[in-house]
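Since every read-out is calculated from the coordinates, none of them should be taken as a lab result. Computed from a prediction, not measured in an experiment: that's the story for all the values here. Here the Cβ is made from the backbone with ideal geometry for all residues, glycine too, and neighbour counts use every protein chain on show.
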Amino acid sequence: MYKRVLENHLHFLSKSFPILSVTGPRQSGKTTLCRMAFDGYDYVNLEDEESRSIVQQDIKGYLRSHPNGLIIDEAHYLPELFSALQVVSDEDDSRKFILSGSSNWLMLQNISQSLAGRVALTRLLPLSIEEIGSADAISTDDLIYKGFYPAIWGKGRPVMAVYDSYFSTYIQRDVRQIINIKDMDLFRKFVRLCATRIGNEFVASSLANEVGVSAKTIQGWTSVLEASYIVFMLQPYHSNLNKRLTKTPKLYFYDTGLACYLLGVRDARDVANSPLRGALFENMVVADRLKACYNAGLDSNLYFYRDKSQHEVDLLMDEGASVKAYEIKSATAFHPGFFNNLDYLRKLLGGNLSLTQVVYDGQQEWDKPDNGFLNFRHL
């Protein structure tokens, strides 16, 4: 059982909000977290048809019958629940409810219609490097290959079996809830092609040509992947810079293990020999920074920098008054040339750039704000 960083933030929010929402990918540990964090609360899973039928008979009455708190799993399966929650919560805001779900789009759609101002929104992604704890003893290729789902680390299930089941379930359930896709084989091809583009700028027309559908269809399918926590887009950084900057986001997967499965990578040795190892390493680091944001209850403040002259810095953290910049390298040996683009960015941003560091796979470290370097496990 892994201690989740988000638990502390959930306890903090529960003091001020009658309703908490925890969304995230399937099998990321949402139910386990909610039941551990609020172990005195009752529990119901609305994905179960029988349970859903019982609740549906008298939703308000059911909600009122749990004065000690209620965890409602996969709440989006019962859309009328949300308006009933509004009524019951307004009657007595000392009643506590925890909503969880794997469909971000469906959850937020229902919440925005009925529960605005009454609910605190949080997101739980798969395990972070910090949460695994023993990551220093695990090879980098193993981390990339296995990914970060609790079923693999906590229950020791076979990696390929977990992701094969995950992807099949995702296609059969989540996708069909959000959109009516006529040709699922083409959609599967699209998802696998997305994995080949990790860390690259996302160009819908390019994917459309390869899949054999329109760019508009690709954009719609990408929205489905984002809503169900398969991929996310890292936006380009824009500031008052007199440069021609790219406006195209970069594509990443929330989990490198799923990406490896889609790429046909079968073990850690395949990762080591893959031409995409550098991209997968970068994906792992960027996704881990996103987990840190969400675990603290924050929206993403992550960007990348690229201009038309192909100067690029992999990761920027915009902290309002200042920016931190990181160059991500999968190399195990440090090279001073890793600082080239960071130096270029410092000339542009000047005093607004508070930190520049290289994050890599080596053991030597120099933790300082101006061109430091450190192992990715210690970021």
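Please give the residues of segment 361-379, grouped as numeric ranges, whose backbone N is less than 15 Å from a label point set 7 Å along the Cα-to-Cβ vector of Ala296. Within reach of a label on Ala296: 379. Dividing the summed helix terms, -39500 (n - 2.57) for each DSSP H run of n ≥ 4, by the number of residues in the chain produces a 222 nm estimate of -12000 deg cm²/dmol to the nearest 500.
The Cα center of segment 339-377 and the Cα center of segment 279-316 differ in position by 14 Å. An oblate overall shape is assigned to segment 153-206, the ratio a/c of its alpha-carbon gyration tensor axes (a ≥ b ≥ c) being 1.5 or greater and a/b not exceeding b/c. The ellipsoid equivalent to the alpha-carbon distribution of segment 201-282 has semi-axes of 25, 19, 13 angstrom, derived from the gyration tensor eigenvalues as √(5λ) and listed largest first.
With the highest mean first, a sort of the peptides 20-26, 223-229, 292-298 on other beta-carbon atoms found within 10 angstrom per residue produces 20-26, 223-229, 292-298.
With a cap of 15 neighbouring Cβ atoms within 10 Å, and only residues DSSP puts in a loop, list the trypsin sites (Lys or Arg not before Pro) found in segment 49-140. Counting only loop positions with at most 15 other Cβ atoms within 10 Å, none of the trypsin sites (Lys or Arg not before Pro) in segment 49-140 qualifies. Could you tell me whether segment 6-91 comes out rounded, prolate or oblate from its Cα gyration tensor? Rule is a ≥ b ≥ c as square roots of the eigenvalues, rounded for a/c under 1.5, then prolate if a/b exceeds b/c, otherwise oblate. Cα axes put segment 6-91 in the oblate bin.
Taking every DSSP beta bridge that has both ends in the chain, the antiparallel portion is near 35%. From the alpha carbon centroid of segment 50-102 to that of segment 184-245 is 36 Å. Taking the Cα centre of the chain as origin and assigning +1 to Lys and Arg Cβ atoms and -1 to Asp and Glu Cβ atoms, the resulting dipole is close to 700 debye.
Couplings for segment 8-19, taken from phi via the Karplus curve 6.51 cos²θ - 1.76 cosθ + 1.60 with θ = phi - 60°, read 4, 5, 4, 4, 4, 5, 5, 6, 10, 10, x, 10 Hz in order; Gly and Pro are left as x.
Please work out the FRET efficiency for the pair His11 and Thr332, using the Cβ-Cβ distance as r and a Förster radius of 51 Å; give the result to the nearest 0.05. Working shown, then result.
Numbers: r = 40 Å, r/R0 = 0.78.
Using R0 = 51 Å, I get an efficiency of 0.80.
Counting 0.36 nm for each residue step from Ala321 to Ser139 and taking away their Cα separation leaves a gain of 61.8 nm. To the nearest 0.05, how large is the calculated FRET efficiency for Asp93 and Asn180 if R₀ is 51 Å and r is the Cβ-Cβ distance? E between Asp93 and Asn180, to the nearest 0.05, is 0.85. Mean shadow of segment 42-160, computed from the convex hull of its alpha carbons, in nm²? Answer in nm², one decimal: 9.4.
Note down the relative contact order for the chain as a percent, whole number, built from C-alpha pairs under 8 angstrom at least six residues apart.
15 percent
Considering the chain at the alpha-carbon level, its Rg and Dmax are found to be 21.8, 67 Å.
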